[in-house]
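None of the figures in this text is laboratory data; all of them are computed from the coordinates on show. Just so it is clear, the model here is predicted, and its values are computed rather than measured. Counting neighbours? That spans all protein chains shown, and the Cβs are built from the backbone with ideal geometry, glycine included.
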Amino acid sequence: MRNTRREAVMAALRLVAIDPDTDGGHCPALIVDDATGDLLFQGPQVTSAGELAEVDGLSPIGPNEIVGRIPARMRDVLLKALMEEADADAGTQRL
């Protein structure tokens with residue numbers, strides 16, 4: 001029996017940006033859920049107790065939340081992807 005609910009969720013996800021230095025595996029990425037507009041970030045999970053405590057001091061980490069890391073080299077590709085998504089939502093195109 002096929003899991004149609006999972007397939008329906010999977011069909012709504014779209015890759016919009018990926019680490020430009022990827023080797024093809026385990027790459028940080030930005031994914032959009034077209035059904036909700038939510039953003040999903042794929043990247044290494046922060047596990048350092050010190051970093052987690054510092055983040056929690058800035059913005060409390062909920063029991064069902066994680067902290068992930070997106071490399072600085074992805075700033076330009078993420079900004080471009082987010083701007084294109086915003087333009088698509090507004091029905092415009094950036095020159």
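Lys and Arg at +1, Asp and Glu at -1: add these up for the other residues within a Cβ distance under 15 Å of ASP38 and post the number.
So the surrounding residues net to -4.
Suppose the chain between ASP87 and LEU13 were pulled fully straight at 0.36 nm per residue; how much longer would it get relative to their current alpha carbon spacing?
24.8 nm
Count the net charge of all other residues whose Cβ sits under 11 Å from the Cβ of SER48, scoring Lys and Arg as +1 and Asp and Glu as -1.
-1
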